[in-house]
1. So how far, in whole Å, is the C-alpha centre of region A:65-131 from the one of region A:36-64?
2. In whole percent, what relative contact order does chain A give with Cα contacts below 8 Å and a gap of six or more residues?
3. Name the long-range amide H neighbours of residue A:251: under 5 Å, sequence gap of 5 or more, or other chain; modelled H, no Pro or chain starts.
4. Relative to the present Cα-Cα distance, how much length would full extension add between residue A:208 and residue A:261 at 0.36 nm per residue of separation?
5. Simple spin-label model, 7 Å along Cα-to-Cβ: residue B:23 to residue A:54 in nm?
6. Applying 1/(1 + (r/R0)^6) with R0 = 56 Å to the Cβ-Cβ distance of residue A:91 and residue A:66, what FRET efficiency is obtained, to the nearest 0.05?
7. Under 10 Å, Cα contacts only: if you run a Gaussian network model on chain A, which one of A:257, A:53, A:146 comes out with the highest mean-square fluctuation?
8. Using only the heavy atoms of the protein chains and a 1.4 Å probe, how would B:1, B:32, A:253 rank by accessible area, largest first?
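The values are calculated or read from the model by the stated rules, or taken from the named source; none is laboratory data. As the structure is a prediction and not an experimental result, all values here were calculated from the model. Positions of Cβ are backbone-derived with ideal geometry, glycine not excepted, and every protein chain shown enters the neighbour counts. Heads up: the accessible areas ignore ligands, DNA and RNA and are worked out on the full protein's heavy atoms, side chains in. Shrake-Rupley method; radii C 1.70, N 1.55, O 1.52, S 1.80 Å.
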Amino acid sequence: MGTVEHIGRGAGRISGDLGDLIPSPRPRARAPGPPPKDPVRTAVRTFGEVLITLGLVVLLFVVYEVYWTDVISAGKQKDATTALDDRWNQEREEHFDGLGEGDGFAKMYIPAFGADYHFTIVEGTTGASLEIGPGHYTHTAYPGQTGNFSVAGHRVGKGAPFNDINLINSCDAVVVETADNWFVYRALPKGDEKAGWADGKGKEAQCKGVSVLGGPYENVVGQTIVPPTDGSVIAPVPGSDVVPSAGEQAALMTLTTCHPRFSDKERLIVHAVLVKQWQKDPGKPDWTPPELKETA
Amino acid sequence: MYGWIWNHLPGPFAVRLTLALAMVAGVVALLMFVVFPWAEPLLPFNNVTTPQ
């Protein structure tokens, strides 16, 4: 290499001899160009390249988890909603038996999250079902029934339907639409609101029907954070083994998601109570309950 | 590593660039559609349920 360079330099001059007579002021230690193959250099550079690549892969995973799964889930949610609308158009009878894993059977609205917040609730809480939308715990009650209608939803990616359920305030409406009915659930008083509820927030117009529950429901509040192993939050009486007779059971709705966000250390739980039922009028298919307009 | 790949791609610059971009797209697709869906359940933030 060095020799070739030298000839090339000399050839460019008018007098080739002069180049040799006048010494270069700065003697070149090594010819420029690609350095000689040094195994250490190669190894270090390859190691660096691998690290940069792994960093990019991690970044790509964030994009996948936070955006790409949303896109996939939005498609699945749309399909489930279309399938549910078709089913509602065909059958007028409301029933929840014979639902398969991942089948949509109700729609939920949280007006406080905006008019565009609505999800089709599917049966089951497997990973595949929850990719479609909020999933119903199969052994819990169905909308409108007494007991505890419990639904799990993702908080990160996959449409993140329950991303903000920590922001549900007491008395905020969770409206559930089924084939024949609109059921209005409202979040129960939070732990620190229970004292003085009847004379305080409980007097507000939208809190009509929401009271501090008594009896076996004494400890049930609007929002709790529990360890992931605590399955009692979706029991008929949350947090208790007591199962009152059907006539004495309240009609509750429970939402579960992970907490804190991006972690599975705990579970965030929201409890709501059924306050109103609107029967659908087949003559007015476009009617929606007034609670849906409670957009903050 | 990347230099080695580049030097082993055939053809003029434009062809090399096209091939390199195609390889990047292939790796991204492999990650997005195979590796990440596989790895995801092993990570903590998808557990949103409590035991029934």
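1. Spelled out, the Cα-based centre of one part sits 42 Å from the other.
2. That works out to 17 percent.
3. Correct list: A:147, A:274.
4. 15.9 nm
5. 2.1 nm
6. 0.90
7. A:53
8. Greatest to least solvent exposure: B:1, B:32, A:253.
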